[in-house]
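Asker: Below is a structure I'd like to ask you about.
Any read-out appearing in this document is the output of simple, stated calculations on the displayed coordinates, not a laboratory observation. Every value quoted in this text rests on a predicted model; they were computed, and no experiment measured them. No Cβ is skipped: glycine too gets one built from the backbone with ideal geometry, and neighbour counts run over all protein chains shown.
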Amino acid sequence: MSTPTTPAFSCPVPVSRHEHVLLGHGGGGQMTQLLLEQIFLPAFSNAALDARHDGAALLIGGLRLAFSTDSYVVKPMFFPGGNIGTLAVNGTVNDLAMCGARPQFLSTGFIIEEGLPIETLRQVVASMQLAAAAAGVQLVTGDTKVVDRGKGDGLYVNTAGIGIIEAANPIAPSSVRSGDVILLSGDIGRHGMAVMAAREGLAFESEIESDCAPVAAPVLNLIEAGLDVHCLRDLTRGGLASALVEIAETSRLHLGIEDALIAVREDVRGACEILGLDPLYVANEGRFVVFVPEAEAELALEVLSAHAVSANAMAIGRVTQDPRGLVTLKSLIGVTRIVDRLSGEQLPRIC
Amino acid sequence: MKFIDEYRDGNAARQYADAVRRIITRPWTLMEVCGGQTHAIVKFGIDELLPKEVTLVHGPGCPVCVTPLEQIDKALLVSSWPGVIFTSFGDMLRVPGSHTDLLTKKAGGADVRIVYSPLDALKIARDNPGKQVVFFAVGFETTAPANAMAVFQAAQEGLENFSILVSHVLVPPAMEAILGAKGNLVQGFLAAGHVCTVMGYTEYEPLAAKYQVPIVVTGFEPLDILQGVYMAVKQLEEGRHEVENQYARAVRRDGNLPAQHVIKEVFEVVPRKWRGVGEIPHSGLGLREAYRNFDAEIRFGLGDMHVDEPPECLSGLVMQGRLKPNECPAFGSMCTPEHPLGATMVSSEGACAAYYRYRRIAVEQDSVRS
Amino acid sequence: MCLAVPGKLLSIEGDDPVLRAGKVDFAGVQKRVNLSYVPDAKIGDYVLVHVGFALSIVDEVEAVRVFDYLRTMGDLAEELGEDVTK
């Protein structure tokens, strides 16, 4: 970088000028990060929270427990491959799994907009029951509120969950080590594009379905196989890129991945190309990354491939020493560049 | 994907880069005039593959970046009105106006919707007869046929609740403005391939002759850009200044005649202001008399706004290729993608945003050869 | 201006020159595209699509030229005794 020749501006720290919460604050990108760093973390700071992992790892009466929560505001409520209910159940199940825990019990809270057809509610709840059964969890407590018509997007669902941690060592970004291999459980971008396919103004015809699914089974298998899993993270909004950037920043290590190794299904790519979206940032709901020592990578892939949800798991890169905590991507033509968080949500473009 | 994947082949890319290395004997500065090309260059790292004698500068090729502050402010004004559904391509949502942007307006309750095509905006108009639907018609010549057709169809149907806010710009006048400017460093151009699918490339022949610069019509995939660079460098080394067509699989010399016909039917050439550059005569498109009832500026009485741009924003110099994004004092500090000062930082194609996302910290590990 | 993607024309509906549209396939994803600007497009052609409009038919012969060109340069370099595989 060349030295600027005009007088330098005084403050090097970016100042957030937002006085109101924007949609982008929920996008999982830089703006969400700002909200976390400026408002939530300073207020609630404690060891569990500061670990900044998907769920909290807690010690209660000698038992190591994982505890997590997630809220769903997705529109459209129903999309190819799932609905807000399946997302709500699997979202929390997966967050718990990412702590190396066996998910067992869930709570759920519904905020319903007046006027929502009862039939819609029935369908969502039926899906949640199926998803819970498939994930081996029980919904044991809940709450319902109704808000005025016009004050909600039809339905908001929150779930919280608890499970016993089965991993002997802490599974968190702080456990990642230089030399670790980064594994990805499957192809990316399905959920985001499935939802996009149904959006007015952007709709297209395809067979893309959300990859929404529970991933606890392959994860617990990895632990049972005695593998030294350092970190797990499920990919949600913000995609693969955002998940890796968070881990790199928290662990203060360099994550190097290769574009040629990252699987994207052809039709998902087609949809991304038309709308000008980068699959690296598109939402997923049934995919996760695993950090294991190099010596265990092959066995880990074997374990993962025995499960349908991670049948096509692949190695996509490795961890190296570099306290700047960056994520870099080697492009298809062999040049390496930085992968950063997006500013807000990724928007379709024509330019 | 056919006609995309083949052009992203790493081996072929390196071969082209090597070919440039073999023929180049001195430094040359080339400008690409299309945001899509800027994006590809930075995303794939094409400029890092090329020998350092080649300097690629990014021109005002992003219609998002060059849309003047006034037009954004007009869009913001219209979008706030009750009974208006404001439709736009996604690119425009985050571009800062004088005080705010469309995304913020949307958060504040305005009915702002992203569409993929102007035809989607037409459909929204048909489905919502009680509302006024305004479409933000931004773009280069590539998008003009689509926007023209939307207006044409609206006229045929007698659709009364549809109008467009026009901010169309033309490429050749911008290129001429850059070439004619004092202190111009650009020695060759990679012309925007998709603009040329519509307009052809006969308009560039007088430019190449007058300013003695090679102009190569270039596509958007890595191999296209590398071949375009190779062809431009070859011309420069051989002392030629012709118009060549690298993107022949999509571009014909005369362009797309039916598309040009509809553009001429609906639009006429007008002077346009380019953000960061100023007004360039004959550089824009506006609705013809017969279609002016579809002009949102007239329908909503948006009048003549004049707005000054923040003095710290040097995006004008960046767009003219005279400043690299990381040479701007505000880059990365006062001006970042979260709070951009100018459009070049907002648009994902903008040179500043591209640099910020991919380049702001030098990456020491260089794995060009593998 | 910029984002135009090549897709395969699967079907055509209508004769009206202004409203003529078709189904274009992009690796398994399909969109309805306006074909007014490519009156000569036939089923099976690849067309370049930008914001819902086909702007150009991809010339498959020209498409290969990028690679022929490379091969020619490769041959030339070999003739000159240069190592093209480094």
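Asker: Which whole-number percent is the relative contact order of chain A (Cα, under 8 Å, 6+ apart)? Please report the intermediate quantities before stating the final value.
Answerer: Working: 758 pairs, mean separation 76.7, N = 351.
Value for chain A: 22 percent.
Asker: I'd like the distance between the alpha-carbon centres of segment B:166-230 and segment A:46-120, rounded to an integer number of Å.
Answerer: 53 Å
Asker: Which part of segment A:73-114 falls in the paramagnetic zone of A:V125, meaning amide N under 19 Å from the point 7 Å along Cα-to-beta-carbon?
Answerer: It comes to A:77-78, A:83-90, A:106-114, nothing else.
Asker: Given +1 on the Cβ of Lys and Arg, -1 on the Cβ of Asp and Glu, and no further charges, what dipole in debye does the protein assembly as shown carry about its Cα centre, rounded to the nearest 20?
Answerer: On the way: 69 positive and 97 negative charges, 212 e Å.
With only Lys, Arg, Asp and Glu charged at Cβ, the dipole is about 1020 debye.
Asker: Order of B:E327, B:E141 from fewest to most other C-beta atoms within 10 Å? Can you show the working numbers first?
Answerer: Details: B:E327 18, B:E141 26.
Starting with the residue having the fewest Cβ neighbours, the order is B:E327, B:E141.
Asker: Let me ask something else about it. Residues with beta-carbon under 12 Å from that of B:W81, excluding B:W81: net charge, scoring Lys, Arg +1 and Asp, Glu -1? Display every interim value, and only then the final one.
Answerer: On the way: positive: B:K74, B:K105, B:K131, B:R299; negative: B:D111.
Once all neighbours under 12 Å are counted, the net charge is +3.
Asker: Shifting gears a bit: Relative contact order of chain C: what whole-number percent is it, with Cα pairs under 8 angstrom and at least 6 residues apart? Numbers along the way, then the final one.
Answerer: Details: 132 pairs, mean separation 19.8, N = 86.
In percent, rounded to a whole number, it is 23.
Asker: Can you give the FRET efficiency for B:R21 and A:S178, using 1/(1 + (r/R0)^6), R0 = 30 Å, r = Cβ-Cβ distance, to the nearest 0.05? Don't skip to the answer; put the middle values down first.
Answerer: On the way: r = 35 Å, r/R0 = 1.16.
The computed FRET efficiency comes out at 0.30.
Asker: To the nearest 20 debye, what charge dipole does chain B have about its Cα centre, counting +1 at the Cβ of each Lys and Arg and -1 at the Cβ of each Asp and Glu? Write out the running numbers ahead of the final one.
Answerer: Values: 36 positive and 43 negative charges, 77 e Å.
With only Lys, Arg, Asp and Glu charged at Cβ, the dipole is about 360 debye.
Asker: May I ask for the Rg/Rh ratio of segment B:67-193, computed from Cα atoms with Rh as the Kirkwood radius, given to two decimals? All intermediate terms of the calculation are to be shown ahead of the outcome.
Answerer: Working: Rg = 16.7 Å, Rh = 15.9 Å.
Over the Cα atoms of segment B:67-193, Rg/Rh equals 1.05.
Asker: Still on this structure: For chain B, with the dipole built from +1 on Lys and Arg beta-carbon atoms and -1 on Asp and Glu ones, taken about the Cα centre, which of B:N11, B:G255, B:S283 lies farthest toward the positive end?
Answerer: Result: B:N11, furthest along the dipole toward the positive end.
Asker: For A:D50 and C:D15, FRET efficiency with R0 = 60 Å and r from the beta-carbon atoms, rounded to 0.05? Don't jump to the answer; show the numbers that get you there.
Answerer: Values: r = 67 Å, r/R0 = 1.11.
Between C:D15 and A:D50 the formula returns 0.35.
Asker: Say the dipole of segment B:1-83 comes from +1 at the beta carbon of Lys and Arg and -1 at that of Asp and Glu; which of B:T25, B:L69, B:I41 then lies farthest toward its positive end?
Answerer: So the residue furthest toward the plus end is B:T25.
Asker: Could I have the simple spin-label model distance between A:L63 and A:E114, label points 7 Å from Cα toward Cβ, reported in nm to one decimal?
Answerer: Once both label points are built, they end up 4.2 nm from each other.
Asker: Also, quick follow-up: Please report the orientation-averaged projected area of segment A:259-344, defined via the convex hull of its C-alpha atoms, in nm². Mind showing how you got there, number by number?
Answerer: Values: hull surface 29.7 nm².
Across all orientations, segment A:259-344 yields a mean hull projection of 7.4 nm².
Asker: For segment A:192-290, compute Rh as the Kirkwood radius over C-alpha pairs and then the Stokes-Einstein diffusion coefficient at 10 °C and 1.306 mPa s; write the answer in µm²/s, rounded to an integer. Mind dumping the intermediate values first?
Answerer: Numbers: Rh = 15.1 Å.
The calculation lands on 105 µm²/s.
Asker: Taking Rh as the Kirkwood radius, which is the inverse of the mean 1/r over Cα pairs, what is the Rg/Rh value for the protein assembly as shown?
Answerer: 0.96
Asker: Rounded, prolate or oblate for segment B:1-157? Axes are the square roots of the Cα gyration tensor eigenvalues, ordered a ≥ b ≥ c, and the cut-off for rounded is a/c under 1.5. Don't skip to the answer; put the middle values down first.
Answerer: Numbers: a/c = 3.04, a/b = 2.19, b/c = 1.39.
Prolate, because a/c is 1.5 or more and a/b exceeds b/c.
Asker: Putting +1 on Lys and Arg Cβ atoms and -1 on Asp and Glu Cβ atoms, find which of C:G22, C:C2, C:I43 reaches farthest to the positive end of the dipole of segment C:1-52.
Answerer: So the residue furthest toward the plus end is C:C2.
Asker: How do B:W28, B:W81 line up, fewest other C-beta atoms within 10 Å first?
Answerer: On the way: B:W28 21, B:W81 13.
Ranking B:W28, B:W81 by Cβ neighbours within 10 Å, fewest first, gives B:W81, B:W28.
Asker: In the neighborhood of A:G325, defined by Cβ-to-Cβ distances under 9 Å, what is the net charge if each Lys or Arg adds +1 and each Asp or Glu adds -1? Before the final figure, lay out each step's value.
Answerer: Values: positive: A:R252, A:R324; negative: A:E249, A:D322.
Taking every Cβ under 9 Å from that of A:G325, the sum is 0.
Asker: Using 29 Å as the Cα-Cα cut-off, could you pick out the over-long pairs in A:K145/C:K31; B:K210/B:K324; B:K105/B:K131; B:K234/C:K8; B:K74/B:K210; A:K75/B:K43?
Answerer: Working: A:K145/C:K31 40 Å; B:K210/B:K324 27 Å; B:K105/B:K131 18 Å; B:K234/C:K8 35 Å; B:K74/B:K210 38 Å; A:K75/B:K43 31 Å.
In this structure, A:K145/C:K31; B:K234/C:K8; B:K74/B:K210; A:K75/B:K43 exceed 29 Å between Cα atoms.
Asker: Taking the Cα centre of segment C:9-80 as the origin, how large is its charge dipole in debye, to the nearest 20, when only Lys and Arg (+1) and Asp and Glu (-1) carry charge on their Cβ atoms?
Answerer: Details: 7 positive and 13 negative charges, 98 e Å.
Here the size comes out at about 480 debye.
Asker: Label A:E298 and A:Q321 with points 7 Å out from Cα along Cα→Cβ: what is the distance between them in nm?
Answerer: Label-label distance for A:E298 and A:Q321, simple model: 2.7 nm.
Asker: Can you show me the helix-derived [θ] at 222 nm for chain B, built from DSSP H runs with n ≥ 4 at -39,500 (n - 2.57) apiece and divided by the number of residues, rounded to the nearest 500. Intermediate results must be reported in sequence, preceding the final value.
Answerer: Values: 17 runs with 147 residues, N = 370.
-11000 deg cm²/dmol, from helical runs alone.
Asker: What is the Cα coordinate range of segment B:149-306 on the first, second and third principal axes, sorted by size from largest, in whole angstrom?
Answerer: 57, 36, 26
Asker: Let me ask you something else. Using only Cα atoms, locate the centre of segment B:109-134 and the centre of segment A:288-351, then give the distance between them in Å, rounded to an integer.
Answerer: What the calculation gives is 39 Å, centre to centre.
Asker: Give the shape of chain A as rounded, prolate or oblate, defined through the alpha-carbon gyration tensor: a ≥ b ≥ c are the square roots of its eigenvalues, a/c under 1.5 means rounded, and otherwise the shape is prolate if a/b is larger than b/c and oblate if not. Provide the component values of the computation, followed by the final result.
Answerer: Numbers: a/c = 1.32, a/b = 1.12, b/c = 1.18.
Verdict is rounded for chain A.
Asker: Test of understanding: express the Cα radius of gyration of segment A:184-223 as a ratio to 2.2 N^0.38 Å, with N the residue count.
Answerer: Values: Rg = 13.8 Å, N = 40, 2.2 N^0.38 = 8.9 Å.
Relative to the rule-of-thumb radius for its length, segment A:184-223 sits at 1.54.
Asker: I'm a student and want to see the number: the projected area of the Cα convex hull of chain B, averaged over all directions, in nm².
Answerer: On the way: hull surface 75.1 nm².
The orientation-averaged projected area of the Cα hull of chain B comes to 18.8 nm².
Asker: First select every other residue whose beta carbon is under 13 angstrom from the beta carbon of B:Y201; then total the charges, Lys and Arg +1, Asp and Glu -1.
Answerer: Working: positive: B:R252, B:R253; negative: B:E141, B:E203, B:E205, B:E242, B:E244, B:D254.
Net charge around B:Y201: -4.
Asker: Rounding to the nearest 10 and keeping the result within 0 to 90°, find how far the Cα-based axis of helix C:60-79 lies from the longest principal axis of chain C.
Answerer: Helix C:60-79 and the main axis of chain C meet at about 10 degrees.
Asker: Just grab the label-to-label distance for B:D5 and A:N221, each label 7 Å out from Cα along the Cβ direction, in nm (one decimal).
Answerer: 2.8 nm
Asker: How much of the pair distance distribution for segment A:304-351 lies past 17 Å, counting alpha-carbon pairs only, in percent? Please report the intermediate quantities before stating the final value.
Answerer: On the way: 718 of 1128 pairs.
For segment A:304-351, the fraction of Cα-Cα distances above 17 Å is 64 percent.
Asker: Per 0.36 nm of contour for each residue apart, how much would the distance between A:E200 and A:S71 grow if the chain were fully extended, relative to their Cα-Cα spacing? Present the calculation step by step, with values, prior to reporting the outcome.
Answerer: Working: separation 129, 0.36 × 129 = 46.44 nm, distance 2.35 nm.
The span from A:E200 to A:S71 would gain 44.1 nm if fully extended.
Asker: In segment B:96-137, which residues have a backbone nitrogen under 20 Å from the label point lying 7 Å from B:A290's Cα in the Cα-to-Cβ direction?
Answerer: Correct set: none at all.
Asker: In degrees from 0 to 90, rounded to the nearest 10, what is the angle of the helix B:69-80 Cα long axis to the longest principal axis of chain B?
Answerer: With both axes taken from Cα atoms, the answer is about 40 degrees.
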